[in-house]
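Each reported figure results from applying straightforward, stated rules to the coordinates on display, with no laboratory input. Predicted model, so just to flag it, every value in this text is computed and none were measured. Neighbour counts run over all protein chains shown; Cβ positions are idealised from the backbone, glycine included.
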Amino acid sequence: MQDIIEILKEHNIAPSMQRVKILEYLQNNRIHPTADIIYQALMDEIPTLSKTTVYNTLNAFIEKGILVALSLFENEVRYEYNTDPHIHFKCSICGKIYDLDKSYDLYKDDFIDGHKVTEHHVNLKGICKNCVKPTTRSTQRLPEIAKRKITKFHTLRS
Ligand SMILES: [Zn+2]
Ligand SMILES: [Zn+2]
């Protein structure tokens, strides 16, 4: 808690209870939440909290460089701590967004055809390690009977 108050003070933001709680939530839940997820998570704890306050607070944090707003995959904005560039991977089954390869810096401060690159975003989509079922992989191996049928088919053709 003390750390969060310090972070806010360092960025010239008055540490009101609501701001502290919102930043604390983002620090403890590295899930790239939407403003709505943050609001839903804190509304019971802070009955005076409104969605407008959440949006205003998040925007203030972005202005001060504490957070970055991400438009990942859909037209919804998600928030995370301002960290080094990294690859985002979204699971199409559970919807979780993972941070991958934090050392990634392709084209960072580089020029491509004379264009100066200042930021880049790589978003991958797939099935996360928790949702990939072992059966998905094993079905790639054909059962013996199927192999025999294929052999027979080739024999007939040749
Ligand atoms: Zn998943
Ligand atoms: Zn991330």
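Data for the structure
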| read-out | value |
| --- | --- |
| Spatial separation of Cα centroids for the stretch 52-101 and the stretch 1-45, in angstrom | 14 |
| Label-point separation in nm, V132 to C94, each point 7 Å along Cα→Cβ | 1.4 |
| Listed pairs K64/K129; K64/K133; K9/K51; K90/K116; K51/K129; K64/K116 exceeding 31 Å between Cα atoms | K64/K129; K64/K133; K51/K129 |
| Label-reachable residues, the stretch 73-100, where backbone N falls under 19 Å from a point 7 Å from Q40's Cα toward its Cβ | 73-80, 90-98 |
